[in-house]
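S.K.: First the structure, then my questions, so here it is.
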Amino acid sequence: MEGWPENKRDIPTCALPYFDLRDSLIVVDGILVKGKAVVIPSELRSTIKRRLHCSYLGRDSMLRRARGVVFWPGMASDIKQLADSSEICQEMKPRNVPQPLKQHKKGVNHDRKLVSTYLRLKESTT
């Protein structure tokens, strides 16, 4: 097939997920590429996910390693699902809980509050 049909109904079922990406896909030496990333066929995705997962560095690390190198529709959600279902990734996941921001009261002298906080921090480190 040369190019894309005008109508989405004329697309083979296996190519439907790529129809909306058709303007960013090219073939280089017989390999389908999106930008600099190689488009991975569905038969090879489990192999690629296993290779990304072998470092057990967690979801964000796997996504960073994958982006720009490999691509398939739904890749981010597949990788997130893999990391979320991995016992090792869950053990290695950072446990930092975000703290809520504290709102200052109106009319408080912020310079005085800043100096006070600085002095308390300085005392606790000495």
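The values are calculated or read from the model by the stated rules, or taken from the named source; none is laboratory data. Quick caveat, the model's predicted, so the values are computed rather than measured. Counting neighbours? That spans all protein chains shown, and the Cβs are built from the backbone with ideal geometry, glycine included.
S.K.: State the number of residues belonging to the range 1-19 that are surrounded by 10 or more Cβ atoms within 10 Å (Cβ to Cβ) and of a type in the set (Ser, Thr, Tyr).
M.R.: The number of residues fulfilling the criteria is 1.
S.K.: How many residues, within the range 9-29, are farther than 19 Å from Gly68 by Cα and either aromatic (Phe, Trp, Tyr) or assigned to a loop (DSSP other than H, G, I, E, B) (or both)?
M.R.: 3
S.K.: Follow-up question, since we're still on this one. From the list Gln90, Gln99, Gln81, exactly one residue is farther than 30 Å from Val38 by Cβ, polar (S, T, N, Q), within 26 Å of the chain's Cα centre (by Cα) and modelled with pLDDT of 75 or more. Which is it?
M.R.: Testing whether each residue is farther than 30 Å from Val38 by Cβ, polar (S, T, N, Q), within 26 Å of the chain's Cα centre (by Cα) and modelled with pLDDT of 75 or more leaves just Gln99.
S.K.: Under 7 Å by Cβ, and 6 or more places apart or on different chains, what pairs join a residue from the range 85-101 that is among the β-branched types (Val, Ile, Thr) with one that is surrounded by 10 or more Cβ atoms within 10 Å (Cβ to Cβ) and part of a loop (DSSP other than H, G, I, E, B)?
M.R.: Between residues of the range 85-101 that are among the β-branched types (Val, Ile, Thr) and residues that are surrounded by 10 or more Cβ atoms within 10 Å (Cβ to Cβ) and part of a loop (DSSP other than H, G, I, E, B), the close pairs are Ile88/Tyr56.
S.K.: Separate question: For the range 102-123, how many residues are loosely packed, with under 10 Cβ neighbours inside 10 Å, at pLDDT below 75 and assigned to a helix (DSSP H, G or I)?
M.R.: Matching residues across the range 102-123 total 3.
S.K.: Continuing with this model, one more query. In this structure, is Arg22 within 30 Å of Ser85 (Cα to Cα) and either aromatic (Phe, Trp, Tyr) or surrounded by 12 or more Cβ atoms within 10 Å (Cβ to Cβ) (or both)?
M.R.: Numbers: within 30 Å of Ser85 (Cα to Cα): no; either aromatic (Phe, Trp, Tyr) or surrounded by 12 or more Cβ atoms within 10 Å (Cβ to Cβ) (or both): yes.
When the stated conditions are applied, Arg22 does not pass them.
Conditions (1) under 21 Å from Glu87 (Cβ atoms); (2) of a type in the set (S, T, N, Q); (3) in contact with a helix residue (DSSP H, G or I) (Cβ under 6 Å, 6 or more places away or on another chain), marked per residue:
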| residue | (1), (2), (3) |
| --- | --- |
| Lys8 | no, no, yes |
| Leu32 | no, no, no |
| Ser46 | yes, yes, no |
| Arg50 | yes, no, no |
| Asp60 | yes, no, no |
| Val69 | no, no, no |
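S.K.: Shifting gears a bit: Filter the range 36-53 down to the residues that are exposed (fewer than 12 other Cβ atoms within 10 Å of the Cβ), under 17 Å from the mean Cα position of the chain (by Cα) and outside any helix (DSSP H, G or I) and list them by number.
M.R.: Of everything in the range 36-53, just one residue is exposed (fewer than 12 other Cβ atoms within 10 Å of the Cβ), under 17 Å from the mean Cα position of the chain (by Cα) and outside any helix (DSSP H, G or I), namely Lys36.
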